[in-house]
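> The structure's right below; bear with me while I get my questions together.
The values are calculated or read from the model by the stated rules, or taken from the named source; none is laboratory data. Computed from a predicted structure; not experimentally measured. FYI the Cβ positions are ideal-geometry reconstructions off the backbone, even for glycines, and counts take in every protein chain you see.
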Amino acid sequence: MDRSLLGLALAAPALVAQPAPFPAGEWTGTIQVPGPGLGISVTLAGRGSAWTGRISIPAQGVKDQPLDEVQVTADTVSFAMNGIPGIPRFAGRQVREGVIEGRFTQGGHTFPFSLTRGAAAPRPVPQDPRDRDLAFPGFNAFPLKGSVRKGGAHPYFAVMVAGSGPTDRDWSNPLIPAPSHGGRDFAAWLEAQGIGSLRFDKRFIGSKDPKLDISLDAQVGDIRAAMKAARALPEAKGKKLLLVGHSEGALLALLAAGDADAALLLAMPGMSYAKTILAQVKGQLDAAGAPGDAAAQNLAYLESVLEAIRKGQDLPPAAAGVAPGVVALGKGLTRPESRGFVRDLLDLDPWGAAQRLPIPCAVAWGERDVQTWKPEVLPPDFKGTVIQIPEANHLFKRETRERAALSGREAMTAYGDGTPLADLTPLAAWLKALR
């Protein structure tokens, strides 16, 4: 539940307000990532050793997220955002009255940041003028928001489903340090192929309601509601419906694709959610050069977390040798509000679901995707089309570095708006043949 924060202390029994003690109050500023920088606002409250805070990052859809590990001295402040991969951390010092400067780190990357006391004037996130805003009822009439692209002569209209976590309609995510709108870029690419689209925010984007229904049924129901809304759009009049799912969104799309006329599954996990998580973490441990016994201990702990989720049990305690990032991942997977969703999706067989689709289906991966990748062996009875895009990463942007040399944090440096889409000619050919 959201609670208001005390930003001004009154010196009793004085009758006038005194200046807020450092660093209580509102602060606004910028993380100096490549490009125009990433705007942030922070609110801090407390005294002595008891401090709390919240952070907003508008360009990445983060609003009033509680801060962790808030530490304050006479002229320094530090805090973290636990539960987000890479565990973003801020450490700064008040260099002069009302100005904090310091270092922001996430997943091995470090950037300068600065904050100035005071609230920023509200400023909407810039929108692409080719987008048309849309509001429509989701599962159980929950209000959803989306963006529509007009498209052209292609006989299909697309509904796009975003990936995991706090990823919004544009595929922006707090995990990505630089501004990134891969979903908006892909919608523009579809438009260039003559295909209009509807992309929408997941129901929990921007929500602070701890009782919000984010179950698997609710999220799949939202996809079906989006397809229903799309069929009623003037931009989709007389067209068939193409369901486009990305990453975790590809798994969710599989469960709703019976309402579509064709499916395009981008960066679909090539195995169950549980096995994908374990494979991702193993890859990161290997890339970090973790010794075999340490890697085994971390993976064993993560397997115990997944088993606890299956059985509805509490998060198991972690031994001293388990990496903080793995502990944070376990906490994120077992959050009370999302544990049911994770449990219901954990062991879904994506190939079994894809094989049962009675519609044209293509599964596509980036050749240099380190998050999800094309399996070495494909099911021999899969009737759909399999596509691999050369020099493409998880967001289907161009990646010129070899996949074997990339860690997860290094790969993210090519997720931002400054990286163009890869050559998607194979996808364009499949779409052109779609009738």
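> Out of (1) in the same structural domain as GLY165 (by TED's automatic domain parsing); (2) within 21 Å of the chain's Cα centre (by Cα), the odd one out for ALA232 is which?
Of everything listed in (1) in the same structural domain as GLY165 (by TED's automatic domain parsing); (2) within 21 Å of the chain's Cα centre (by Cα), ALA232 misses just condition (2).
> Also, quick follow-up: Residue by residue through the stretch 339-358, note down the ones that are outside any helix (DSSP H, G or I) and closer than 16 Å to ALA260 by Cβ.
ARG356, LEU357, PRO358
> Next question. Would you be able to tell me the number of residues in the stretch 233-252 that are among the hydrophobic types (A, V, I, L, M, F, W, C) and within 19 Å of HIS154 (Cβ to Cβ)?
Of the residues in that region, 6 qualify.
> Checking THR73 against (1) within 29 Å of ASP213 (Cβ to Cβ); (2) surrounded by fewer than 16 Cβ atoms within 10 Å (Cβ to Cβ), which single condition isn't satisfied?
(1)
> Can you pull out the residues in the stretch 232-260 that are of a type outside the set (A, V, I, L, M, F, W, C) and either in contact (Cβ under 8 Å) with a residue 12 or more places away in the chain or not in a helix (DSSP H, G or I) (or both)?
Within the stretch 232-260, GLU235, LYS237, GLY238, LYS239, LYS240, GLY245, HIS246, SER247, GLU248, GLY249, GLY258, ASP259 qualify.
> Would you confirm, using the coordinates I've provided, whether LEU299 is assigned to a loop (DSSP other than H, G, I, E, B) and not aromatic (Phe, Trp, Tyr)?
no
> What's the number of the only condition in (1) at pLDDT below 95; (2) within 21 Å of PRO179 (Cβ to Cβ) that ASP369 fails to meet?
(1)
> Please work out if PRO269 is surrounded by 17 or more Cβ atoms within 10 Å (Cβ to Cβ) and either free of Cβ contacts under 8 Å to residues at least 24 places away in the same chain or closer than 21 Å to CYS361 by Cβ (or both).
It is true that PRO269 is surrounded by 17 or more Cβ atoms within 10 Å (Cβ to Cβ) and either free of Cβ contacts under 8 Å to residues at least 24 places away in the same chain or closer than 21 Å to CYS361 by Cβ (or both).
Okay, residues lined up against (1) in the same structural domain as LYS331 (by TED's automatic domain parsing); (2) farther than 18 Å from LYS208 by Cβ; (3) surrounded by fewer than 18 Cβ atoms within 10 Å (Cβ to Cβ):
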residue	(1), (2), (3)
VAL33	no, yes, no
SER41	no, no, no
TRP51	no, yes, no
LYS63	no, no, yes
ASP68	no, no, yes
MET81	no, no, no
ARG96	no, yes, yes
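> Going residue by residue through the stretch 112-120, is there one that turns out to be at pLDDT 90 or above, closer than 23 Å to THR413 by Cα, surrounded by fewer than 15 Cβ atoms within 10 Å (Cβ to Cβ) and not aromatic (Phe, Trp, Tyr)?
yes
> Can you pull out the residues in the stretch 415-435 that are under 18 Å from GLN371 (Cα atoms) and touching a strand residue (DSSP E or B) at 6+ places or on another chain (Cβ under 6 Å)?
Answer for the stretch 415-435, where residues must be under 18 Å from GLN371 (Cα atoms) and touching a strand residue (DSSP E or B) at 6+ places or on another chain (Cβ under 6 Å): THR419, LEU421, ALA422.
> Could you say whether any residue in the stretch 244-264 is more than 23 Å from PHE396 (Cβ to Cβ) and in contact with a strand residue (DSSP E or B) (Cβ under 9 Å, 6 or more places away or on another chain)?
yes
> Need the failing condition index for LEU198 against (1) among the aliphatic types (A, V, I, L, M); (2) within 17 Å of PRO143 (Cα to Cα); (3) in contact with a strand residue (DSSP E or B) (Cβ under 8 Å, 6 or more places away or on another chain); (4) part of a helix (DSSP H, G or I), just the number.
(4) is the only condition that LEU198 fails.
> Moving to a separate point now. Select from the stretch 372-405 the residues that are under 20 Å from the mean Cα position of the chain (by Cα) and surrounded by 19 or more Cβ atoms within 10 Å (Cβ to Cβ) and list them in ascending order.
THR372, TRP373, ALA392, ASN393, HIS394, LEU395, PHE396, LYS397, GLU399
> Hey, VAL281 hits all of (1) β-branched (Val, Ile, Thr); (2) touching an Asp or Glu at 6+ places or on another chain (Cβ under 9 Å); (3) modelled with pLDDT under 95 but one; which does it fall short on?
VAL281 satisfies all of (1) β-branched (Val, Ile, Thr); (2) touching an Asp or Glu at 6+ places or on another chain (Cβ under 9 Å); (3) modelled with pLDDT under 95 except (2).
> While we're looking at this one, here's another question. Within the set of pairs 6 or more residues apart or between chains, which connect a residue that is touching a residue at least 40 places away in the same chain (Cβ under 8 Å) and under 18 Å from HIS109 (Cα atoms) inside the stretch 165-180 to a residue that is among the aromatic types (Phe, Trp, Tyr) and in a loop (DSSP other than H, G, I, E, B) with Cβ atoms less than 6 Å apart?
Between residues of the stretch 165-180 that are touching a residue at least 40 places away in the same chain (Cβ under 8 Å) and under 18 Å from HIS109 (Cα atoms) and residues that are among the aromatic types (Phe, Trp, Tyr) and in a loop (DSSP other than H, G, I, E, B), the close pairs are ILE176/TYR415; SER180/TYR415.
> For the stretch 348-383, give me each residue that is over 17 Å from TYR273 (Cα atoms), out of contact with any Asp or Glu (no Cβ under 9 Å at 6 or more places or on another chain) and touching a residue at least 40 places away in the same chain (Cβ under 8 Å).
The answer is LEU357, PRO358, CYS361, ALA362, ALA364.
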